[in-house]
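Chemist: One structure, as structure tokens, below. Some questions next.
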Amino acid sequence: MITKKIEKMLANVQKPGRYVGGELNSIVKNPDQVDVRFAFCFPDVYEVGMSHLGMKILYSQLNTLPYVWCERVFAPWMDMEEQMRKNNVPLYALESGDSIAGFDFIAFTLQYELSFTNVLNMLDLAGIPLKASDRHGLSPLVVAGGPCTCNSEPLADFFDLFFIGEGEEMDCEVIELYRRYKKENRSKEEFLIAAAQIPGVYVPSLYDVTYNDNGTIKAILPKCGAPEKIRKRVMIDMDKSYFPDKFVVPYIGIVHDRAVAEVLRGCIRGCRFCQAGFLYRPFREKSVAVIDKQCHDLCDNTGYDEISLSSLSTSDYSRINELLNQLLTWTKEEKTGVSLPSLRVDNFSTELMSKIKSVRRSGLTFAPEAGTQRLRDVINKNVTEEELLKTVKTAFKGGWTTIKLYFMIGLPTETMDDVAGIAELGQKVVDAFYENPDKPKGKSVKVTVSASSFVPKPFTPFQWEPQDTIETLHRKQRHLVSSVRTRKVEPNYHDADVSFLEAVFARGDRRLCNVLLEAHKIGCKMDGWQDCFSLAKWLEAFRKCGIDPAFYANRRRSFDEVLPWDHIDCGVKKSFLIEECKRAYANQTTPNCREQCSSCGAACFKGGICVEKRPNLV
Amino acid sequence: MKNVRIWFKKIGTARFISHLDLNRCMLRAIHKAKIPLWYTQGFNPHAFITFALPLSLGIAGERESMDIRLEDTELTREELISRLNAALPDDIPVFDATEPVMKPGEIAYASFIMELETENICAEEAVSRIKGMLEQENIIVPKHTKSGIVDLDIKPFLRKTEIAPKTGLIEIQTVLPAGSNMNVNPLLICDAIKTYLKLDFYADIKRTNLYNADFQIFV
Ligand code: SF4
């Protein structure tokens, strides 16, 4: 329930529906009847945060615990923030309208580095001291989960604990422990030392980091009995893993406004630039029956008429045709569409295409990632030009006329010829359209080639690589544009400044906490929004702190350097990543997990594809 | 098939969503409630949904309506209402379903209750000053139209406007032209008070009813 005071501010802001709650399926409890108030904070605006599946899962799951009330909190847009600061309204949770400063848990989900300043800004808006060392009581505990916690060092000063890996079980264990310690009136220190014993929990204050003279890390030392390595948590049996039967249905339009089914976790591919591909190993599928039921329940309880089958690579689902057939038994009649957000070049068949088309058709996008075969081998993107052309021909036959191709520039070993290869590949797709004998009459083709800048990430074989400097990236972007020779190919690229900052924070260490604090002070926020991002401001923050961002973004690390995230264990062994990095330099590919196990280390979780029988490949 | 007029309120949190959002919300609720909507035949089938008169963002509605066309169905009125309520957020309650009598195009007036909460000035004082303003020869406010901003004299439309202090607030009851021909948004009255009297206040506005040209209640 929003207060009158909040209502009054809403007259002065854009999209007030972001700030009122009250949506269908939002959960309201009696605060007097719960022990734990939990603020689930997404450090971006409502429309972005509400589209996030992880938040929907944990929101519903935590609220199944009768003694917990989990509420949603999003970052207010600038206009609302201005109103809140002017009227002294602290950051509040949408369900109750209560200020979150009095909550037990302030939990953030860290999805991208560019949201880090929003985390600080939200704590500040809530009136909560930013640094963990300035918060003395047991509550509020400021915690976080999400992919960025695999290297949360740039945020280490601000958080009390991090959840490493999948949160479904671990979150509940931590809440349960907290509830006990609160009743027993124990101190925050006692709680954190005990929490560090829960598998997957990382308490940064229980680790001391020392540095060498050259600025690299000397050692990361645990204390108070905290584990030397924190191994991520994994839900091995996806069929038994909690999944909500309803979503909060937003009043206002959001980015992904539909039912989402999670068909699998992990990825069988080992694209060497892709953090998610290694972080979420092993590959685990849900059964057709479970997915079907979860889809049906969701549609029944929300009124959505579109289901998105979500995962890192849905078309790798081993029973994709069976699943689509099963869904079609009721979706057609209930006028519900099915969409696949990610399609792969190599297993896009006419059959698959016809099934998605029979319900709904969206634009076609493929990600060859690199313009030449050599570079695709380097990054282990096992897609050939032949496969791509075959796929687009299938698509053209099916009536599609616009295709979007995603690439990266700045990949390790990349030359200007590889960059030009992006434009050439786009051209070949255009040619394939005109070679198609039954192409749609009177229609033209449009191929967009979109180039983002490569950001080296922790837990990938490229975690030691330097990122191209901004100047080099700009040169490559210009080269791409000048390599395009027809208007039917449309090149576009991402802002290199943004990728640079991402690279700094992705592989940053604890010394960046001060930079973050400084950036927050000089007003950096909503960095993921083009109009808000200012590299100049960030460089000022780095200068003030005496820190050279190039040390983090553009420096090649040696294999024996201690990395800021070496105490985090995602299952995949460092020795495997080194091996993969060497294979990359030798232009050698590695088979996917379904073809052959490469013993990456993720088999330690004893489940998923690592223990499955592989069909005998001929 | 048959036409049904669904009567609902748009209150609380639902005041803060646009007409477009409301439309989507209703479509979803109808889908969720498995109400057998009648679809046009042909290549691109679509359903009939018409709202009597869209409501501006920020204003509550006490007696809003939406017309839908249903397949022949056994669904009773009570069942229709309860199924929709189960599928809608609490702040969009459905309270009736009737056979449409008037056409939405007949709507000519709408009644509003506005509660103004002033800062730095007591309600009685504010009421007398607003009354003074209402006596003026003309009351000119800028109005957004399709062809840009024009100056509009709202004085002629304020004949059915009453104002009185009410428990520390200022209550304005008014009936304004509404509909496709001439539409006067109650926010224009707020704008007038703000510009003429330099008063700062928060206005809580709700639309209470709709009428045809003869001041008969829209049914
Ligand atoms: S252990 Fe083998 S099958 Fe399992 S994720 Fe690693 S490479 Fe794939």
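The values are calculated or read from the model by the stated rules, or taken from the named source; none is laboratory data. From a predicted model like this one, the values you see are computed outputs, not experimental measurements. Quick reminder, even Gly has a Cβ in these numbers, built from the backbone with ideal geometry, and neighbours come from all protein chains shown.
Chemist: Mind checking which residues of the range A:584-606 are within 13 Å of the ligand (Cβ to nearest atom) and polar (S, T, N, Q)?
Modeler: A:T590, A:N592, A:Q596, A:S598, A:S599
Chemist: For the range A:354-383, which residues satisfy the criterion of being of a type in the set (S, T, Y) and either assigned by TED's automatic domain parsing to the domain that holds A:A584 or modelled with pLDDT of 90 or more (or both)?
Modeler: Residue satisfying the conditions is A:T372 alone.
Chemist: Taking A:P31 as meeting all but one of (1) closer than 25 Å to A:M170 by Cα; (2) out of contact with any Ser or Thr (no Cβ under 7 Å at 6 or more places or on another chain); (3) surrounded by fewer than 17 Cβ atoms within 10 Å (Cβ to Cβ); (4) away from chain B (no Cβ under 14 Å), write down the number of the exception.
Modeler: Result: A:P31 fails condition (2) only.
Chemist: Report yes if A:C545 is touching a residue at least 24 places away in the same chain (Cβ under 8 Å), within 13 Å of the ligand (Cβ to nearest atom) and of a type outside the set (A, V, I, L, M), otherwise no. Steps first, please.
Modeler: Details: touching a residue at least 24 places away in the same chain (Cβ under 8 Å): yes; within 13 Å of the ligand (Cβ to nearest atom): no; of a type outside the set (A, V, I, L, M): yes.
In short, no.
Chemist: Report yes if some residue within the range A:570-583 is buried (at least 20 other Cβ atoms within 10 Å of the Cβ), more than 14 Å from the ligand (Cβ to nearest atom), at pLDDT 95 or above and not β-branched (V, I, T); otherwise report no.
Modeler: No, that holds for no residue.
Chemist: Which of (1) away from every other protein chain (no Cβ under 14 Å); (2) under 25 Å from A:Y406 (Cα atoms); (3) not hydroxyl-bearing (S, T, Y) does A:I307 not meet, given it meets every other one?
Modeler: Tallying (1) away from every other protein chain (no Cβ under 14 Å); (2) under 25 Å from A:Y406 (Cα atoms); (3) not hydroxyl-bearing (S, T, Y), A:I307 fails exactly one: (1).
Chemist: Looking only at the range A:555-569, which residues are in contact (Cβ under 8 Å) with a residue 12 or more places away in the chain, of a type outside the set (S, T, Y) and either more than 16 Å from the ligand (Cβ to nearest atom) or in contact with a Pro (Cβ under 8 Å, 6 or more places away or on another chain) (or both)?
Modeler: From the range A:555-569, those in contact (Cβ under 8 Å) with a residue 12 or more places away in the chain are A:555-559, A:561-569; that's our starting set.
Cutting the leftovers down to of a type outside the set (S, T, Y) gives us A:555-557, A:559, A:561-569.
Correct list: A:R555, A:R556, A:R557, A:F559, A:E561, A:V562, A:L563, A:P564, A:W565, A:D566, A:H567, A:I568.
Chemist: Now a separate question. Got a sec? Which of A:R319, A:R281 is closer than 16 Å to A:I236 by Cα, assigned by TED's automatic domain parsing to the domain that holds A:L264 and of a type in the set (D, E, K, R)? Spell out how you get there, then give the answer.
Modeler: On the way: A:R319 fails: closer than 16 Å to A:I236 by Cα.
One residue alone meets the criteria, A:R281.
Chemist: From the residues in the range A:121-180 that are assigned to a loop (DSSP other than H, G, I, E, B) and hydrophobic (A, V, I, L, M, F, W, C), which one is nearest to A:S99 (Cα to Cα)?
Modeler: Filtering the range A:121-180 for residues that are assigned to a loop (DSSP other than H, G, I, E, B) and hydrophobic (A, V, I, L, M, F, W, C), the one nearest to A:S99 (Cα to Cα) comes out as A:I128.
Chemist: Right, something else. Taking the range A:254-286, which residues are touching a helix residue (DSSP H, G or I) at 6+ places or on another chain (Cβ under 7 Å) and more than 16 Å from the ligand (Cβ to nearest atom)?
Modeler: A:I254, A:V255, A:A259, A:V260, A:A261, A:E262, A:V263
Chemist: I'm trying to understand the selection: among the residues of the range A:385-428, which are part of a helix (DSSP H, G or I), modelled with pLDDT under 90 and among the small types (G, A, S)?
Modeler: A:A395
Chemist: Any residue at all in the range A:607-616 that's more than 8 Å from the ligand (Cβ to nearest atom), of a type in the set (S, T, N, Q) and in a helix (DSSP H, G or I)?
Modeler: no
Chemist: Being aromatic (F, W, Y) and not in a strand (DSSP E or B) is the filter here; which residues of the range A:59-77 pass it?
Modeler: Those that are aromatic (F, W, Y) and not in a strand (DSSP E or B): A:Y59, A:Y67, A:W77.
Chemist: Out of A:Q596, A:Q588, A:Q530, which single residue is surrounded by fewer than 16 Cβ atoms within 10 Å (Cβ to Cβ), in contact (Cβ under 8 Å) with a residue 60 or more places away in the chain and polar (S, T, N, Q)?
Modeler: Answer to the check: A:Q588.
Chemist: Run down A:E113, A:E71 and say which single residue is in contact with a helix residue (DSSP H, G or I) (Cβ under 9 Å, 6 or more places away or on another chain), without any contact (Cβ under 8 Å) to a residue 60 or more places away in the chain and over 26 Å from A:C295 (Cβ atoms).
Modeler: The conditions single out A:E71.
Chemist: Looking at (1) part of a strand (DSSP E or B); (2) surrounded by 14 or more Cβ atoms within 10 Å (Cβ to Cβ); (3) not polar (S, T, N, Q), find the lone condition where B:I149 falls short.
Modeler: Tallying (1) part of a strand (DSSP E or B); (2) surrounded by 14 or more Cβ atoms within 10 Å (Cβ to Cβ); (3) not polar (S, T, N, Q), B:I149 fails exactly one: (2).
Chemist: Out of A:M84, A:M80, A:M50, which single residue is touching a Pro at 6+ places or on another chain (Cβ under 9 Å) and either surrounded by fewer than 23 Cβ atoms within 10 Å (Cβ to Cβ) or free of Cβ contacts under 8 Å to residues at least 12 places away in the same chain (or both)?
Modeler: Working: A:M80 fails: either surrounded by fewer than 23 Cβ atoms within 10 Å (Cβ to Cβ) or free of Cβ contacts under 8 Å to residues at least 12 places away in the same chain (or both); A:M50 fails: either surrounded by fewer than 23 Cβ atoms within 10 Å (Cβ to Cβ) or free of Cβ contacts under 8 Å to residues at least 12 places away in the same chain (or both).
Going through A:M84, A:M80, A:M50 in turn, just one is touching a Pro at 6+ places or on another chain (Cβ under 9 Å) and either surrounded by fewer than 23 Cβ atoms within 10 Å (Cβ to Cβ) or free of Cβ contacts under 8 Å to residues at least 12 places away in the same chain (or both): A:M84.
Chemist: Right, next: Any idea how many residues of the range B:9-36 are more than 7 Å from chain A (Cβ to nearest Cβ), of a type in the set (S, T, Y) and surrounded by 22 or more Cβ atoms within 10 Å (Cβ to Cβ)?
Modeler: Looking only at that region, the number is 0.
Chemist: What's the number of the only condition in (1) without any contact (Cβ under 8 Å) to a residue 40 or more places away in the chain; (2) surrounded by fewer than 22 Cβ atoms within 10 Å (Cβ to Cβ); (3) away from every other protein chain (no Cβ under 14 Å) that A:I291 fails to meet?
Modeler: If we test A:I291 against (1) without any contact (Cβ under 8 Å) to a residue 40 or more places away in the chain; (2) surrounded by fewer than 22 Cβ atoms within 10 Å (Cβ to Cβ); (3) away from every other protein chain (no Cβ under 14 Å), just (2) comes out false.
Chemist: For A:Y552, all conditions in the list (1) among the hydroxyl-bearing types (S, T, Y); (2) crowded, with 16+ Cβ neighbours inside 10 Å; (3) within 14 Å of the ligand (Cβ to nearest atom) hold save one; what is the number of the exception?
Modeler: (3)
Chemist: While we're here: Hey, could you check the range A:98-128 for residues that are of a type in the set (G, A, S) and surrounded by fewer than 21 Cβ atoms within 10 Å (Cβ to Cβ) and say which is nearest to A:K8 (Cα to Cα)?
Modeler: Within the range A:98-128, the first condition is being of a type in the set (G, A, S), and the residues that meet it are A:99, A:101-102, A:107, A:115, A:126-127.
From the residues that got through so far, the ones that are surrounded by fewer than 21 Cβ atoms within 10 Å (Cβ to Cβ) too are A:99, A:101-102, A:127.
On the way: A:S99: 17, A:A101: 22, A:G102: 23, A:G127: 21 Å.
Here the residue is A:S99.
Chemist: Does the range B:175-190 include one or more residues that are more than 30 Å from B:V4 (Cα to Cα) and over 17 Å from the mean Cα position of the chain (by Cα)?
Modeler: no
Chemist: To continue, here is another question. Take the range B:137-146 and flag every residue that is surrounded by 14 or more Cβ atoms within 10 Å (Cβ to Cβ) and β-branched (V, I, T).
Modeler: Within the range B:137-146, B:I139, B:I140, B:V141 meet the criteria.
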